[in-house]
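Below is one structure; the comments refer to it alone.
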Amino acid sequence: MELLLILKRRWLVIALIVILGLGAGAFVTFYVMTPQYKMSSEFIVNQSQPVSTESNSVTSESIRSNIELINTYNVIIKSPAVLDEVTSWLGLEMSAEELKDKISVSSAEESQVVEVTVVDASPEKAAEIADTTVLTFKDSIPELMNVDNVQILSEAGPAGEAVPVSPNIMLNLLIALAGSAAVGSGVAFILETSDTTLRKESDVIENLGVPFMGSVEVIVEEGEDSIPASNTVEMRGESIGS
């Protein structure tokens, strides 16, 4: 109950800090943080040899073998053997290690389809890096693995349709709201504990250690009449023998 009373008395301070916090969070989100875009290209791992005319079907063993190869391919895609070629071909001013941090490789469980995703401040560059990485990887596999079982499934979509994946506007504003509300509440408690104003009879007894005797209204004289004011002067005293 006392907590609610403190928050109620200091609501203006809390509201001001919350408004300032939300404003700061919005400013950082929209004007300081750089939007990041995600573009993806896909390829499929299939049989390295044509399907046998006798069986006229893909065996489960070959599919399982291709799926197991994907783990190896995921490592090769982000290796210097591939990324050095990508940086050189695109003229990127970054090392293969720096480019590696922009790339993620994923595939659904028991799927032969692999997705190569690139995150960059420029959607055009992200799409270009994703497509070039997949193409370079496809051209490198015959030399590295002595097989040719990679086919490009899809290229990165049009950069004009890209939507920023970060910053997360709602998340940032919620964090700013929660943080400023916590700070505002803390400031309210500090102001409350440092305030020595006696507002209630119990405050006189608890803080001064003397019994409360009563209160007297302040009288303002105007001519012959006296008008009692709303302010009162509290009287206190000590017990007999103290």
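With 0.36 nm allotted per residue and the present C-alpha distance subtracted, the residue 106-residue 19 stretch has 27.2 nm of extension available.
Label separation (residue 189 vs residue 61): 7.0 nm, computed from points 7 Å beyond Cα along the C-beta direction.
Within a straight-line Cα-Cα reach of under 16 Å, residue 38 can be paired with the following lysines, leaving aside sequence neighbours fewer than 8 residues apart in one chain: 100, 102, 125. The simple spin-label model puts a point 7 Å past each Cα toward its Cβ; for residue 46 and residue 95 those points are separated by 3.9 nm. Ranked by how many other Cβ atoms sit within 10 Å of their own Cβ, fewest first, the residues 137, 43, 30 fall in the order 30, 43, 137.
Does segment 34-165 come out rounded, prolate or oblate, given a ≥ b ≥ c as the square roots of the eigenvalues of its C-alpha gyration tensor, rounded meaning a/c under 1.5 and, failing that, prolate meaning a/b above b/c?
Values: a/c = 2.46, a/b = 1.80, b/c = 1.36.
It comes out prolate by the Cα gyration axes.
Only lysines eight or more places from residue 8 in sequence, or on another chain, were considered; those with a Cα closer than 19 Å are 200.
All of the numbers you see were taken from the coordinates with simple rules; none came from a lab. Everything numeric here is computed off the predicted structure, so don't read it as measured data. For neighbour counting, all protein chains shown are included, and Cβ atoms are generated from backbone atoms with ideal geometry for every residue, glycine included.
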